[in-house]
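None of the figures in this text is laboratory data; all of them are computed from the coordinates on show. Worth saying up front: this structure is predicted, and the values here are computed from it rather than measured. With ideal geometry, Cβ positions are generated from the backbone for all residues, glycine too; neighbour counts draw on all protein chains shown.
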Amino acid sequence: MANQRIYVDSISRKLRFIRLAWYIVYTLLYYWTPRIFFWKWRVLLLRLFGAKIGFGCKIDPGCFIWAPWNLEIGDFTCIANKVDIYSVDKIKLGSNVTVSQRSFICTASHDITLLSKPLTHAPIEVADHAWICSESFVGPGVKIGVGAVIGARSAVFKDVDAWSVVGGNPAKFIKKRILKDAI
């Protein structure tokens, strides 16, 4: 296999420059901020880089967002410590969504049917009132329905129905989520 092609990176120079600028801002002005008093400051920095973020959102300083310009968040959404948002493609989080610690929201992968393994990507949508529990993985192209719960350490590769609880690797339906109080 001497003639096999090696991976070719197709990211443009402009995008590389913007990513570098974001990484510098993230490192110098975002990451080190205290967890509780600088919510609005972090949201402002993300908005300056093109993120669309609703009212009352809390984004932890340890959360890394690959490309803020591909991120849209509704109102009162919380993203916890060490969440990795790999936003090569669009990510839309609805209102009242919680993404718990060390979760990975990943819009990109590689085409393993080609030796050059080109980058592939697809958007992710998480509807209102959903909860992505600790250390979960949500893969490219997934849509998570209203009120769905992704159990801790689950790996989600397919759409999740509204008001469902799923868990495992790969995530499978566990039960319907039934609320004891009205929304």
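Some notes on this structure:
- Exposure proxy ranking for VAL43, VAL97, based on other Cβ atoms within 10 angstrom of each Cβ and starting from the fewest, stands as VAL43, VAL97.
- Note that segment 115-122 has calculated 3J(HN,Hα) couplings of 5, 6, 6, x, 5, 10, 7, 7 Hz, one per residue in order, obtained from phi through the Karplus relation 6.51 cos²θ - 1.76 cosθ + 1.60 (θ = phi - 60°); glycine and proline are x.
- Looking at segment 2-155 alone, DSSP beta bridges between its own residues are antiparallel in about 10 percent of cases.
- Here's how it looks for THR107: its modeled amide H is under 5 Å from those of TYR86, VAL88, ASP89, which are all 5 or more places away or on a different chain.
- 19 Å Cα-Cα reach of LYS175 towards aspartates and glutamates, excluding residues that sit fewer than 8 places from it in its own chain: ASP128, ASP159, ASP161
- Phi to ³J(HN,Hα) by Karplus 6.51 cos²θ - 1.76 cosθ + 1.60 over segment 10-17, Hz, x for Gly, Pro: 9, 6, 5, 5, 4, 5, 4, 5
- Residues of type lysines that LYS172 reaches as a straight line, Cα spacing below 22 Å, ignoring anything fewer than 8 places off in the same chain: LYS143, LYS158
- Think of the chain as having a plus end and a minus end, set by charges on the Cβ of Lys, Arg, Asp and Glu; of VAL149, TYR23, PRO68, TYR23 sits farthest toward the positive end of this dipole.
- Mean projected area in nm² (Cα convex hull; one quarter of hull surface) for the chain: 12.0
- Ordered by the count of other Cβ atoms within 10 Å of each Cβ, fewest first, ARG42, ARG13 give ARG13, ARG42.
- Amide H partners (placed H, <5 Å) of ALA155, local residues excluded: PHE137, GLY168, ASN169, ALA171
- Choice from PRO68, PRO34, PRO140 with maximal GNM fluctuation in the chain (Cα, 10 Å cutoff): PRO34
- PRO140 sits among other residues whose Cβ lies under 13 Å from its own Cβ, and their net charge, with Lys and Arg +1 and Asp and Glu -1, is -1.
- Just checking the listed ones, LEU48, LEU93, LEU15: in the Gaussian network model of the chain with Cα springs under 10 Å, the one fluctuating most is LEU15.
- Summed side-chain charge close to PRO68 - residues other than PRO68 whose Cβ falls under 11 Å, Lys, Arg +1, Asp, Glu -1: +3
- Dipole of segment 53-152 computed with +1 at Lys/Arg Cβ and -1 at Asp/Glu Cβ about the Cα centre; of SER116, CYS106, LEU93, farthest Cα towards the positive end is SER116.
- Placed amide H near VAL160: partners under 5 Å, 5+ positions off or other chain: LYS143, ILE144, GLY145
- Rounded to the nearest 20 debye, the dipole size of the chain about its Cα centre is 220 debye, using +1 on the Cβ of Lys and Arg and -1 on the Cβ of Asp and Glu.
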